[in-house]
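Notes follow the structure.
What follows is calculated from the coordinates using simple rules that are stated; it is not laboratory data. Because the structure is a prediction, the values reported are computed rather than measured. Cβ atoms come from the backbone with ideal geometry, glycine included; neighbour counts cover every protein chain shown.
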Amino acid sequence: MATKTAMAAFAPMAVIWLRMGLASLMVFVLMRKIPRPAYRKGDWKILLLLCLMQPCLYFLLEGYAISLTTSAQAGMISSIVPLLVIVGAWAILKERLSVRNGVGLALSIAGVIWLSLSGAPDESAPNPVLGNLLEVGAMVAAAVYMVVMKRLSTRYSTWWLTGMQCVAGAIFFLPGMFLQPLPAVADIPVEAWLAVLYLGLFVTLGAFGLYNMAMTFMPAGRAAVAINMVSPVALVSGWLFLGEAMTPMQLAACALVGVGVIVGGRN
């Protein structure tokens with residue numbers, strides 16, 4: 001919802017750069033309190049992959065997805081991340097994968113496809129099919145990032161990794177800041193500035209930092225289940241504050257996604 005509010009005044013790339021820039025400034029303020037990393041030769045490859053997936057590819061895809069679909073549909077699609085992480089953790093980290101996990105993943109993917117095809121263009125979602133496809137791509141990038149973060153968290157401070165991601169994102173998205181004309185400062189509503197501030201400090205740095213830290217204490221697949229909270233919050237927020245509507249077909253598709261997540265998320 002905050003992303004949608006910010007994008008009402010700023011271009012997608014501007015929103016992403018502003019939130020990354022604000023988070024990076026806070027990282028530099030707190031730098032002395034962040035433990036130094038235990039770098040090993042060759043780690044730059046996996047660190048590069050981490051930053052490429054999150055924030056670069058993730059925010060690039062999601063930024064445009066939110067401008068093409070509703071926040072409610074994007075929120076429901078985000079609920080497939082735990083299942084993608086479970087599969088990735090099984091393949092890379094050798095965490096357990098059950099038949100139930102596989103069935104849940106299949107149901108969720110079917111629900112996402114149904115949700116995308118049942119969406120009709122309107123003012124808040126000019127191209128829901130493309131928007132939802134981009135959102136799925138963003139969720140794949142997010143799942144890869146979570147698995148990589150889990151692997152790195154055994155030797156690196158998760159706050160150092162989070163700070164590195166913020167700085168990398170600010171550098172990566174800087175050129176995009178100038179691809180579209182910037183609005184005059186006087187024309188930008190206060191709500192848009194507050195949304196950017198919230199996204200930069202409380203989401204990009206705060207929420208991601210806390211989530212990264214949580215993965216040091218539990219399996220990646222189990223930690224990813226917490227993302228299920230995004231879906232109901234996005235649905236309710238989009239309905240309450242943005243006036244977004246959902247058709248019966250979309251509600252049924254959301255239910256199928258939810259069933260898949262519940263089935264696949266159980267051990």
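Observations on the structure shown:
- For the pair V190 and L130, the difference between a 0.36 nm per residue extended length and the Cα-Cα distance amounts to 18.6 nm.
- Per-residue ³J(HN,Hα) for segment 12-21, Karplus 6.51 cos²θ - 1.76 cosθ + 1.60, θ = phi - 60°, Hz, x for Gly and Pro: x, 5, 5, 4, 5, 5, 4, 5, 5, x
- Tally of Lys pairs whose C-alpha atoms are under 26 Å apart, taken over segment 1-95, 8 or more apart or cross-chain: 4
- Projected label points at L182 and T247, each 7 Å from Cα along the beta carbon direction, are separated by 4.1 nanometres.
- Shape of segment 1-65, Cα gyration tensor, a/c cut at 1.5: oblate
- HN-Hα J in Hz across segment 151-163 - Karplus 6.51, -1.76, 1.60, θ = phi - 60°, x for Gly and Pro: 5, 6, 5, 6, 10, 10, 5, 5, 6, 5, 5, 4, x
- Residue-wise HN-Hα coupling along segment 164-178, computed from phi with Karplus coefficients 6.51, -1.76, 1.60 (Hz; x: Gly, Pro): 4, 5, 4, 5, 4, x, 4, 6, 5, 8, 4, x, x, 4, 10
- Sequence-distant residues sharing a close amide H with E95 (under 5 Å, placed H): W90
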